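Notes for the one structure printed next.
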Amino acid sequence: MRRGALPDLKTFFLVAEHLSFRAAAERLELTAPAISHSIRQLETRLGVRLLNRTTRSVSLTDAGLLLVDRAAAGIRSDFRRH
């Protein structure tokens, strides 16, 4: 069964917040490889790389930064409406 985009987005935002696959895995009670798989699925679905990864570091690409910024802007505007 194919997972939906929302769990993968949640995973992405946790990785982006902590800049760590391991920290996101701990928060979600998953393994780091499961986190990596989720991020790859999201990147494939969106057709863009969101994270730069090395064995020692994780950083956001320009597209990853844009996704974080747009999500934050969307959340802020949603709170203003209520």
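Each reported figure results from applying straightforward, stated rules to the coordinates on display, with no laboratory input. Fair warning: this is a prediction, and the values are worked out from it, not measured in the lab. As a convention, Cβ positions derive from the backbone with ideal geometry for all residues, glycine included, and neighbour counts pool all protein chains shown.
Here are a few things to note about the model shown:
- Residue-averaged [θ]222 nm for the chain, counting only DSSP H segments that reach four residues, each worth -39500 (n - 2.57): -22500 deg cm²/dmol
- On Cα atoms only, tilt of 5-18 relative to the major axis of the chain in degrees: 80
- The magnitude of the dipole of the chain, with charges of +1 and -1 set on the Cβ of Lys/Arg and Asp/Glu and taken from the Cα centre, is near 140 debye.
- Over region 1-70, relative contact order from alpha-carbon pairs under 8 Å, at least 6 apart, %: 27
- The chain, Cα convex hull volume normalised per residue, Å³: 109
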